[in-house]
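What follows is a short report on a single structure.
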Amino acid sequence: MNLYAIRAIYWFEMSRTFRTLLQSIASPVLTTSLYFVVFGSAIGSRMGKIDDVSYGAFIVPGLLMLSLLNESISNASFGIYMPKWSGTIYEVLSAPVSYVEVVIGYVGAAASKSIMLGVLILATARVFVPYEIAHPLWMVCFLVLTSVTFSLFGFIIGIWADGFEKLQVIPLLVVTPLTFLGGAFYSIRMLPPLWQKITLLNPVVYLISGFRWSFYEASDVNVSTSIGMTLVFLAVCLVVVWWIFKTGYKLKS
């Protein structure tokens with residue numbers, strides 16, 4: 001394992017984040033804070049409890065997951081797309097660096113940024129709404145697992161995209177709607193029985209439900225199912241990344 005190569009790619013990506021703190025960190029934290037102000041404080045104070053949790057606290061895991069998914073995808077897709085766009089990806093591919101080391105460098109940096117952002121959002125949420133974390137270790141596990149999984153997904157999108165507009169297609173038209181419909185702002189048990197069954201087809205439901213369980217021991221689906229679905233998606237992403245490098249899809253042409 002070429003640790004020097006991994007470290008070089010990792011710190012190159014991380015340094016780009018530190019150069020653009022306003023865009024990379026401050027902007028998503030501010031946006032999520034507005035959700036806490038509007039839904040947590042203003043609207044939440046007029047609503048009852050859900051699963052014995054105040055509405056403001058109830059939406060914390062959902063809002064955190066919304067930011068985590070979008071930022072993981074965005075960071076990883078942009079990180080690998082820029083070398084493709086500028087042509088420097090060929091220097092990486094021709095260097096004595098394995099595909100595994102390339103993926104670890106790019107995906108590791110994207111996941112690290114998302115985890116940093118998640119911690120900042122959790123700290124910011126405390127200013128607006130009181131919340132407790134029943135299982136801190138499981139919360140960290142879900143945070144890391146989700147960040148890595150969707151950073152891999154973003155890595156795939158970055159390789160697939162052949163234009164800047166395509167980088168935003170899936171996050172805006174697929175991931176964000178699925179997150180809003182996946183119980184970020186409500187419990188799916190509040191839906192009619194038919195819609196509850198339909199909602200279970202949404203993979204984001206399992207992420208949000210498991211993450212919320214780590215906070216309040218309340219979930220819409222079994223926590224083991226949530227972990228299992230996340231691991232399945234992680235495995236699918238790993239297989240796709242392996243196939244991309246094996247075939248050279250949109251990398252060697």
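Do you know which of the residues in the range 1-55 that are outside any helix (DSSP H, G or I) and free of Cβ contacts under 8 Å to residues at least 60 places away in the same chain is nearest to V92 (Cα to Cα)? The residue in question is T20.
Considering the range 96-130, the residues that are among the charged types (D, E, K, R) and within 22 Å of N70 (Cβ to Cβ) include one that is surrounded by the most Cβ atoms within 10 Å (Cβ to Cβ), namely K113.
The single residue among V102, V119 that is modelled with pLDDT of 90 or more, among the β-branched types (V, I, T) and out of contact with any helix residue (DSSP H, G or I) (no Cβ under 7 Å at 6 or more places or on another chain) turns out to be V119.
Here is a yes/no grid of residues against (1) within 18 Å of the chain's Cα centre (by Cα); (2) part of a helix (DSSP H, G or I):
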{"site": "S151", "(1), (2)": "yes, yes"}
{"site": "T176", "(1), (2)": "yes, yes"}
{"site": "F185", "(1), (2)": "yes, no"}
{"site": "R189", "(1), (2)": "no, yes"}
{"site": "Q196", "(1), (2)": "no, yes"}
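For the range 206-225, a residue qualifies if it is small (G, A, S) and in contact (Cβ under 8 Å) with a residue 60 or more places away in the chain, and the qualifying residues are G210, S214, A218.
Checked against the criterion of being among the basic types (K, R), part of a helix (DSSP H, G or I) and out of contact with any Asp or Glu (no Cβ under 8 Å at 6 or more places or on another chain), the range 101-113 contains not a single residue that satisfies it. Within the range 15-45, restricting attention to residues that are crowded, with 18+ Cβ neighbours inside 10 Å and over 16 Å from L122 (Cβ atoms), the residue that is modelled with the lowest pLDDT is G44. The residue list I227, I156, I133 contains one member that is modelled with pLDDT of 90 or more, over 30 Å from G105 (Cβ atoms) and aliphatic (A, V, I, L, M), which is I133. Check whether at least one residue in the range 61-71 is surrounded by 21 or more Cβ atoms within 10 Å (Cβ to Cβ) and over 20 Å from the mean Cα position of the chain (by Cα), and report yes or no. No, the conditions are met nowhere in the range 61-71.
Just one residue in the set I159, I133 is crowded, with 16+ Cβ neighbours inside 10 Å and either among the β-branched types (V, I, T) or over 19 Å from the mean Cα position of the chain (by Cα) (or both); that residue is I159.
The values are calculated or read from the model by the stated rules, or taken from the named source; none is laboratory data. Because the structure is predicted, anything quoted here is derived from the model rather than measured. When we count neighbours, we look across all protein chains shown, and the Cβ atoms used for this are built from the backbone with ideal geometry, even at glycine.
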